[in-house]
Structure formats: structure tokens, C-alpha cells
Amino acid sequence: MAQVQAQEEVGLAAPAEAGGKGHVEGQQHPIGIYLQIWGWLFVLSTASYLVDYFNVEGYLRWSLILIFMLLKAGLIVAVFMHMLWERLALIYAILVPPLLVLVFVVIGALEGDHTFLTRLIFFQTGP
Amino acid sequence: MAQTALTDSGELLKRPDGLQGIVADWSSDQRAFKNVPWGKAMMWIFLLSDTFIFSCFLLSYMTVRMSTTVPWPDPSQIFALHIGGQDMPLILIAIMTFILISSSGTMAMAVNFGYRRDRRKTAALLLVTAAFGATFVGMQAFEWTKLIVEEGVRPWSNPFGAAQFGSAFFMITGFHGTHVTFGVIFLLAVARKVWRGDYDHARPGFFTSRKSHYEAVEIMGLYWHFVDLVWVFIFALFYLW
């Protein structure tokens, strides 16, 4: 009961479609938005597949892959997982911590480069 | 037994939005996540921890790939299929991607119909989602068999190049496949409950005795979309890079 009440207080963005009586229950959005996002995910996946199909190389390939990846991830989290309609308290609690992974990426890259160079030296001068 | 959870907090004022809203929600010993049921908040926190697990896998994959002096095998050719007299690069993985995205689409619609209290459509869409998921796992089993039996890829060696390819591949896709498999089981369990009308009649849960509610479908959906989300990253970083 308390939950439903709390939901009504906050007033979720989309109005109740089916229930009528102005009673909002959970996340209710028009079905069309899901179909639209579904379509976009197909388009983006096809695009990232075509990057491979046409053998795009180098920085263009990597940036295209990353852009399509982030767009797809954004659409899934924002609409399919309803993050778009949540309160900032939840959004920040869930989406900020993964950003710290980027720190690990930098550390891992430094470490990887270091190992690579050490191996080059070792394999060239070793027995 | 007395129910102690979720007492009525009696909030009547409209809560502030934006940064002020964050401070207001997190301060003063309250429930921090105001308009989400606790199960949903807990699922989000579980998914956050799972994000870190998969991040660790992808990070270690990045590190071994950067540090090897042997050329990295080309996934584009390894995962090619011979269709209609020509080799289609990476086609198997592309089909798997489309299947998983479609399952996410049907899942999102199942959640929607659940909140509209359309029992039949919700159950049907959940079953379709489970079928897509099972197809995905089946294709992954085919892919693994082909790689292990025909190509001779092992976690410690493979005929194409850097040995780390095998260990990274089996670890990452294996862990993701396990998630999909558990997701399918989870989907079937929720579909059964929807079909039986548990969420319409607030039937007490078997283990928890808590009232069933259509939120359960959304919580299930969060897990399923997360599995799709992880695949987006695996597809980009492992198969396409």
C-alpha cells in the first residue's frame, strides 16, 4: 500500500493508460516507445555488424564500435530498464559507481603496455 | 507473524527533484529509494555488483590482449559461417545479437502488459522471451562445440594465435551464457506465476510469504535487460574489436 501511495505522490511522468481513475501503478508507458527502441537497437546492431563486414580499420573502427555500443547500452538502460523515469537518487546510486571502472581501464592499459614492453625485451635478448 | 516491513511513512508533500531531491532522498535516516519497491532497488544493486564482475572479465581480457606479443586471432573469421557458397564473417554472432535484442523487446512489452494487468499477454510474452533466450543458449552451445571440436580452441591454446584468446573467450561467454540460462529458468518461473494469476490475487510467495505483485515482472525484466546489456559490451569489445 505504502508503495503505491509513494508512487502516486511522486507522479510518474507517463499517465495511466489502462487502469483509468488516474491510478498510476508502477512504470506505465505507451507500448509504442518500446517498439521504437527495439527498432533502433536493430539499426544500431546492424550498423556495428556492417563495421566488421566492410572491414573498417583503425581508429574509425574502434570509435564506431564504441559509439554504437554506448548508444545501444544507453537505450536499453534508459527505456527498457526505465532509468529515464526513476528519481535521481536511484539513477546516481546505480550509474555513478560503474564510472570508476574507467580508472581500472587506465591502470589495466598501463599495466598491459608495461608487460608487453618487458616481454619484447625479454624475448629479444633472452636465451 | 506481524509484518514489520514497509510501514506507511505518511509522506504527503511533493518531493523535490534534481540535486535537492538526491539530498532529500538520502538524508535523515529515510528509505533512500522513494518510489521503487525494495525488490527492485535490491535487483538494481545486484546488477551493479554484476556489472563489476563482468567489468573485471573484460578488463582482464583487455590487459592480456594488450600484453601478448603473439597476434590476436581474428574473431571475424573464426565466427564466420559458410552460407550459400560464401563465408559470412561473424554472422553467427550477429544473429545471436538480434535474437537477444528481440528477447529484450518482448520482455519490455511483457512488463508493460503486466502493469496493465493483462495476464495472458504477459505470460505469453514471457514465454516468447524465454524461447528467445533458450535459442540464444542453444546457438552458443553450437558455437562452443564448433570451436572446441572442429577448430581445436582450448583455454590454454588455439591454432589461430595468442593462447589468451581461448581463456578470455570461454570465461566471458561462458559466464554470460550462464546468466542467460538462469534468466530463462527465472523467466519460466515468473511466467508460471503470471499464468496462475498470482499477481492478480496477491498470492503469498512460496518462500517469502510476501504478497505477489506485478512488480515481480519488472524486476525479472531488469535482470533480463541486464543480460542483453552485457552482451552489447561483449559483442563490441570481444567480437568486433
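Among (1) outside any helix (DSSP H, G or I); (2) over 28 Å from A:ARG87 (Cα atoms); (3) in contact (Cβ under 8 Å) with a residue 24 or more places away in the chain, there is one condition B:ARG117 misses while meeting the rest; what is its number?
The single condition B:ARG117 does not satisfy is (2).
Return the total of residues in segment B:39-90 being under 16 Å from the mean Cα position of the chain (by Cα), of a type in the set (Ser, Thr, Tyr) and more than 8 Å from every other protein chain (Cβ to nearest Cβ).
Total satisfying the criteria: 1.
What number goes with the only condition from (1) in a helix (DSSP H, G or I); (2) without any contact (Cβ under 8 Å) to a residue 24 or more places away in the chain; (3) farther than 24 Å from B:TYR61 by Cα that B:ALA236 does not pass?
Against the list (1) in a helix (DSSP H, G or I); (2) without any contact (Cβ under 8 Å) to a residue 24 or more places away in the chain; (3) farther than 24 Å from B:TYR61 by Cα, B:ALA236 comes up short only on (3).
Kindly check whether there is at least one residue in segment B:137-146 that is among the small types (Gly, Ala, Ser) and either crowded, with 16+ Cβ neighbours inside 10 Å or modelled with pLDDT under 90 (or both). Walk me through it before giving the result.
Residues of segment B:137-146 among the small types (Gly, Ala, Ser): B:138, B:141.
Then keep just the ones that are either crowded, with 16+ Cβ neighbours inside 10 Å or modelled with pLDDT under 90 (or both); that gives none.
No, segment B:137-146 contains no residue that is among the small types (Gly, Ala, Ser) and either crowded, with 16+ Cβ neighbours inside 10 Å or modelled with pLDDT under 90 (or both).
For segment B:106-119, give me each residue that is in contact with a helix residue (DSSP H, G or I) (Cβ under 8 Å, 6 or more places away or on another chain) and either more than 19 Å from B:ILE234 (Cβ to Cβ) or surrounded by fewer than 17 Cβ atoms within 10 Å (Cβ to Cβ) (or both). Lay out the reasoning, then the answer.
First pass over segment B:106-119, keeping only residues in contact with a helix residue (DSSP H, G or I) (Cβ under 8 Å, 6 or more places away or on another chain): B:106-115, B:119.
The answer is B:THR106, B:ALA108, B:MET109, B:ALA110, B:VAL111, B:ASN112, B:PHE113, B:GLY114, B:TYR115, B:ARG119.
Using the structure shown, decide if B:MET109 is without any contact (Cβ under 8 Å) to a residue 24 or more places away in the chain, within 10 Å of chain A (Cβ to nearest Cβ) and over 25 Å from the mean Cα position of the chain (by Cα).
Working: without any contact (Cβ under 8 Å) to a residue 24 or more places away in the chain: yes; within 10 Å of chain A (Cβ to nearest Cβ): yes; over 25 Å from the mean Cα position of the chain (by Cα): no.
Here the answer is no, as B:MET109 does not meet what is asked.
To keep it simple, each residue is scored yes or no on (1) within 14 Å of another protein chain (Cβ to nearest Cβ); (2) buried (at least 16 other Cβ atoms within 10 Å of the Cβ); (3) in contact with a His (Cβ under 6 Å, 6 or more places away or on another chain).
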residue: B:HIS176; (1), (2), (3): no, yes, no
residue: B:ILE185; (1), (2), (3): no, no, no
residue: B:ALA191; (1), (2), (3): no, yes, no
residue: B:ASP198; (1), (2), (3): no, yes, no
residue: B:PHE207; (1), (2), (3): no, no, no
residue: B:TYR214; (1), (2), (3): yes, yes, no
residue: B:TYR239; (1), (2), (3): yes, yes, no
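What pairs come out if I take residues in segment A:73-98 that are touching a residue at least 24 places away in the same chain (Cβ under 8 Å) and within 9 Å of another protein chain (Cβ to nearest Cβ) and pair them with residues that are surrounded by fewer than 16 Cβ atoms within 10 Å (Cβ to Cβ) and of a type in the set (A, V, I, L, M, F, W, C) whose C-beta lies under 8 Å away, six or more apart or interchain?
From residues that are touching a residue at least 24 places away in the same chain (Cβ under 8 Å) and within 9 Å of another protein chain (Cβ to nearest Cβ), the pairs are A:VAL79/A:ILE33.
Kindly check whether there is at least one residue in segment A:71-83 that is at pLDDT 90 or above, buried (at least 19 other Cβ atoms within 10 Å of the Cβ), not in a helix (DSSP H, G or I) and not β-branched (Val, Ile, Thr).
yes
Which ones in segment A:88-127 are in contact with a helix residue (DSSP H, G or I) (Cβ under 7 Å, 6 or more places away or on another chain), β-branched (Val, Ile, Thr) and closer than 15 Å to B:LEU48 by Cβ?
A:ILE91, A:ILE94, A:VAL101
The values are calculated or read from the model by the stated rules, or taken from the named source; none is laboratory data. Keep in mind it's a predicted model, so treat the numbers as computed, not measured. Neighbour counts are summed over all protein chains in view; Cβ atoms, including those assigned to glycine, are modelled from backbone coordinates with ideal geometry.
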